Amino acid sequence: MKFFKFILFFVFTVNAYAQLEYPFYAQSIASFKDGKWENANKLQLLNSGIASLAKRIEMVRAAKSSIDIEYFIWELDLSGRILLTELVKRARDGVKVRIIIDKSFTVLELDEYYAEELKRLGIEIRYYNASLGPLAQQYRTHRKILVTDKKQAITGGRNIGDDYFDLDEEYNFLDRDIWIEGSGAKAMGDSFDAVWESGMVQIARMPDPRQIHDNHATAAARRPDLRMRVHRRRQREARDFLQTDRDLERRRHDVYAFGMKVLRDVHAPIVCPKFTFVSDKPDKGLGVDYFEQNRMVHQVLMNRLARVEKSFTIVSPYFMLNDKTTAEFDRLLQEGKTITAYTNSLGSTDAFYVAANFYRIAPEWNEKGMNIWMHNSKFYPETEVLSEKISKARWGVHSKTQVYDDEDFFIGTYNLDNRSDFFNLEMGVFCEGSPELTAILKSNIDQRMKEAYKIIKKEEAVDANNETADYWGHASESHLKIMNAIKLPSKWFEFLM
């Protein structure tokens, strides 16, 4: 029966999704001959943030010819500075370093001043979609890639910033990355090349001092001579940020040493017998066939969901269901299949507008039979963190993971929301045929859910011990007021979330 289903799926895929093509879609099936694997991709799950940062540093230091990087967010904090200065060192060694950063005005920190200084130091930066048009600017790159020598790669939920690497003393993300070695890494690197050369990417250029506008300046301070002062100050800030001093070296050493300590406890790389990489294609979505031709990730995920036989587990920081996803989830539940969702509560989310919508629909999905678990905003000590203050910070879910029938899985950048389905450039990897990897992944999800609570009906929830829990995830009064105040506009603009 399974073989028959596979044949039907294969025929359906070829006919309906013939536009799946390299390098935005690549599949590798390993073979075991004479006691060893051939054409195999090796994978390593990186649940710890600081271990994932250490793995990135290790990859950068070992690169011989090229380092290709693409991120939605690059924060100008400790981890962002550590990685940039590591990249500067490699560029000086003759390694080709290229970076694509999304140029969303809401999140961009690594702006043209830093790009110009990095260019002087041997690193080339390009920006994804610098358009300011209200429609065109909706299309962002949400991809997260670090590829070295087109042999190793990391992708997953993490951007570059302290809150992604378990280093922030106020708020951190429970996230997940996956390290890949093999043909999958090459495909990811080749997809980077395609995005790099696409019409959606622009070369970073130094701003014209005459065009500088400081929103905090007085009218007198907008004179040309003072604009030049602002320009020079910004140049100096970028130059200073990218220089190494004793304090940075000390902190880099401490972070890397601690991260490597945690990384040593992570499982060794494991072969994935059937590996698939998929990415959306860069475009502004103005064509009539945009969805069919460019939105690869959603289509492949829905295809895989159609083959679920018993159970489906999804971890997503946001839970916004459009008509297509709603229909598929309804079908699974009506057929008696189990759906378990793990997402954020109001107390743990970084997006109150998403919480406003999710709390509106969660009771209905609970009544339909979905098991909905929401993180309670607390730290779960699955691994060590650098300080006690970090462990006492607020923590929220940010990993993007799907598990099918407890047999195979997807890890990537895709959130369960409209932005991932229709606007953002997303990517991810599937692994089939590795019970060992899937068991390690599922065990980590189950561990994290011990710091979650299950919705049993509207405004009622229980924890993992079936004790009454806070329905709002220990949210503050101010957060409750904000969510209640934005309920209506959140519903109006749900199509953009």
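The values are calculated or read from the model by the stated rules, or taken from the named source; none is laboratory data. Note that the structure is predicted; figures quoted are calculated from it, not measured. Note that we place each Cβ from the backbone using ideal geometry, even for glycine, and neighbour counts take in every protein chain shown.
Could we say that Ile440 is of a type in the set (Val, Ile, Thr), outside the structural domain of Asp163 (by TED's automatic domain parsing) and assigned to a strand (DSSP E or B) here?
Here the answer is no, as Ile440 does not meet what is asked.
Going through region 445-473 one residue at a time, which ones are within 25 Å of the chain's Cα centre (by Cα) and in contact (Cβ under 8 Å) with a residue 12 or more places away in the chain?
Ile445, Gln447, Arg448, Met449, Lys450, Glu451, Ala452, Tyr453, Lys454, Trp472, Gly473
So, in region 417-428, how many residues would count as being within 19 Å of Glu328 (Cβ to Cβ) and surrounded by 23 or more Cβ atoms within 10 Å (Cβ to Cβ)? Spell out how you get there, then give the answer.
Within region 417-428, the subset within 19 Å of Glu328 (Cβ to Cβ) is 417-422, 426, 428.
In the following step, the residues that additionally are surrounded by 23 or more Cβ atoms within 10 Å (Cβ to Cβ) were identified as 417, 420-421, 426, 428.
Selection size over region 417-428: 5.
For region 477-488, state whether one or more residues are in contact (Cβ under 8 Å) with a residue 60 or more places away in the chain and over 14 Å from Gly347 (Cα atoms).
Scanning region 477-488 turns up at least one residue that is in contact (Cβ under 8 Å) with a residue 60 or more places away in the chain and over 14 Å from Gly347 (Cα atoms).
Between Phe312, Phe358, which is in contact with a strand residue (DSSP E or B) (Cβ under 7 Å, 6 or more places away or on another chain), surrounded by 21 or more Cβ atoms within 10 Å (Cβ to Cβ) and closer than 30 Å to Leu53 by Cα?
When all the criteria are applied, what remains is Phe312.
For the structure I just gave you, tell me whether Asp77 is touching a helix residue (DSSP H, G or I) at 6+ places or on another chain (Cβ under 9 Å) and free of Cβ contacts under 8 Å to residues at least 24 places away in the same chain.
no
For Gly182, are the conditions met, namely being under 11 Å from Asp68 (Cα atoms), touching a residue at least 24 places away in the same chain (Cβ under 8 Å), surrounded by fewer than 24 Cβ atoms within 10 Å (Cβ to Cβ) and assigned by TED's automatic domain parsing to the domain that holds Glu86? Break it down stepwise before answering.
Details: under 11 Å from Asp68 (Cα atoms): no; touching a residue at least 24 places away in the same chain (Cβ under 8 Å): yes; surrounded by fewer than 24 Cβ atoms within 10 Å (Cβ to Cβ): yes; assigned by TED's automatic domain parsing to the domain that holds Glu86: yes.
No; evaluated as a whole, the condition is false for this residue.
For region 293-342, which positions are polar (S, T, N, Q) and in contact (Cβ under 8 Å) with a residue 60 or more places away in the chain?
Gln293, Gln299, Asn303, Ser311, Thr313, Ser316, Asn322, Thr325
Suppose the filter is more than 24 Å from Tyr171 (Cβ to Cβ) and assigned by TED's automatic domain parsing to the domain that holds Leu301; does Asn418 pass it?
Values: more than 24 Å from Tyr171 (Cβ to Cβ): yes; assigned by TED's automatic domain parsing to the domain that holds Leu301: yes.
Taking the combined requirement at face value, the residue satisfies it.
Can you go through Ile455, Ile482, Ile411 and tell me which one is modelled with pLDDT of 95 or more and farther than 30 Å from Pro282 by Cα?
Of the residues listed, the single one that is modelled with pLDDT of 95 or more and farther than 30 Å from Pro282 by Cα is Ile455.
Which of the residues that make up region 15-50 are under 25 Å from the mean Cα position of the chain (by Cα), closer than 15 Å to Ile180 by Cα and not charged (D, E, K, R)?
Ala26, Gln27, Ser28, Ala40, Asn41, Leu43, Gln44, Leu45, Leu46, Asn47
When you go through Arg233, Arg250, Arg210, Arg222 one by one, which is the residue that is of a type in the set (Lys, Arg), modelled with pLDDT of 95 or more and outside the structural domain of Pro317 (by TED's automatic domain parsing)?
Selected residue: Arg250, the only one of Arg233, Arg250, Arg210, Arg222 that is of a type in the set (Lys, Arg), modelled with pLDDT of 95 or more and outside the structural domain of Pro317 (by TED's automatic domain parsing).
I'm told Leu45 meets every condition in (1) surrounded by fewer than 18 Cβ atoms within 10 Å (Cβ to Cβ); (2) over 25 Å from Trp196 (Cβ atoms) except one. Can you identify the failing condition by its number?
Exception for Leu45: condition (1).
For region 366-386, which positions are more than 28 Å from Leu263 (Cβ to Cβ) and in contact with a Leu (Cβ under 8 Å, 6 or more places away or on another chain)?
Lys368, Gly369, Met370
Name the residues in region 462-472 that are part of a loop (DSSP other than H, G, I, E, B) and surrounded by 13 or more Cβ atoms within 10 Å (Cβ to Cβ), would you?
Ala464, Asp470, Tyr471, Trp472
Taking the stated definitions as given, is Asp265 acidic (Asp, Glu) and either part of a strand (DSSP E or B) or surrounded by fewer than 16 Cβ atoms within 10 Å (Cβ to Cβ) (or both)?
For Asp265, the condition - acidic (Asp, Glu) and either part of a strand (DSSP E or B) or surrounded by fewer than 16 Cβ atoms within 10 Å (Cβ to Cβ) (or both) - is met.
Within region 361-384, take every residue that is surrounded by 20 or more Cβ atoms within 10 Å (Cβ to Cβ) and in contact with a helix residue (DSSP H, G or I) (Cβ under 6 Å, 6 or more places away or on another chain) and give me the one that is farthest from Phe430 (Cα to Cα).
Residue satisfying both the conditions and the ranking: Asn376.
Test of understanding: among Ala475, Ala485, which residue is hydrophobic (A, V, I, L, M, F, W, C) and either loosely packed, with under 12 Cβ neighbours inside 10 Å or touching a Ser or Thr at 6+ places or on another chain (Cβ under 9 Å) (or both)?
Ala475
Please give the number of the condition Ile57 fails out of (1) surrounded by 21 or more Cβ atoms within 10 Å (Cβ to Cβ); (2) under 30 Å from Pro435 (Cα atoms); (3) not basic (Lys, Arg).
Every listed condition holds for Ile57 apart from (1).
Step by step: first the residues of region 39-61, then only those that are assigned to a helix (DSSP H, G or I) and of a type in the set (A, V, I, L, M, F, W, C), then the one that is farthest from Ala187 (Cα to Cα). Which residue is that?
Ile50
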